[in-house]
Amino acid sequence: MATISTMSSLLTSAQTGVFASKVAVIGPVREAMRAYQVNFANQPGGAVLDGRDIGTVICPDADVKLFIQADSKARMERRARQLEARGETVDRYALYHQIEERDARDMANPHGGFYRASDAHLLDTTLMGIEAALRAAVAIIDEVMARKGKH
């Protein structure tokens with residue numbers, strides 16, 4: 001039986017992201033995943049989800065939506081460092097092109113929603129470290145929830 005750590009590594013591997021993007025264009029697969037994600041999002045106490053179509057397809061009525069973006073080079077560097085920290089060898093040129101190809105494929109996916117929802121708050125993390133990005137996200141969430149009287 002795989003450990004949680006092993007499963008997490010498998011789910012966040014570079015190859016898993018590529019495969020997920022490729023199978024997401026298959027309507028029945030996408031619908032099964034959508035149903036699972038919607039059910040997860042509606043659990044008692046709520047949930048925090050991330051993904052390319054969470055605010056547009058999975059949770060269009062979410063209290064707060066963030067559209068987090070960073071340029072491909074910054075994303076490639078972050079991903080490369082993450083993989084290298086696990087001891088994986090990284091071809092940055094290939095990784096950059098995987099990111100670009102996945103973006104293009106996901107934007108063209110007729111079953112997806114890889115675009116910014118009209119009520120999503122844009123957070124560009126290109127020049128931010130993880131701590132700064134987290135602080136910026138929390139600030140947006142706090143402001144929105146305070147305006148809604150839910151915080």
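Quick notes
- Residue 2 vs. criteria over 15 Å from the mean Cα position of the chain (by Cα), aliphatic (A, V, I, L, M) and modelled with pLDDT of 90 or more: no
For every residue, the table says whether it meets (1) part of a helix (DSSP H, G or I); (2) in contact (Cβ under 8 Å) with a residue 12 or more places away in the chain; (3) open to solvent by less than 80 Å² (accessible area, probe 1.4 Å).
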| position | (1), (2), (3) |
| --- | --- |
| 29 | yes, no, yes |
| 40 | yes, no, no |
| 55 | yes, yes, yes |
| 84 | yes, no, yes |
| 89 | no, no, no |
| 95 | yes, yes, yes |
| 102 | yes, yes, yes |
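- When the test is whether a residue is over 19 Å from residue 24 (Cα atoms), at pLDDT 95 or above and part of a strand (DSSP E or B), residue 122 passes it.
- Output for region 57-82, where each listed residue is crowded, with 17+ Cβ neighbours inside 10 Å and either modelled with pLDDT under 90 or part of a loop (DSSP other than H, G, I, E, B) (or both): 57, 59, 62, 64, 65, 70
- Number of positions in region 104-142 that are surrounded by 14 or more Cβ atoms within 10 Å (Cβ to Cβ) and among the small types (Gly, Ala, Ser): 7
The values are calculated or read from the model by the stated rules, or taken from the named source; none is laboratory data. If you're wondering where the values come from, they're calculated on a predicted model, not measured in any experiment. Glycine also receives a Cβ, built like all others from the backbone with ideal geometry; neighbour counts cover every protein chain displayed. Heavy atoms of the whole protein, side chains included, go into the accessibility calculation; ligands, DNA and RNA do not. Shrake-Rupley method; radii C 1.70, N 1.55, O 1.52, S 1.80 Å.
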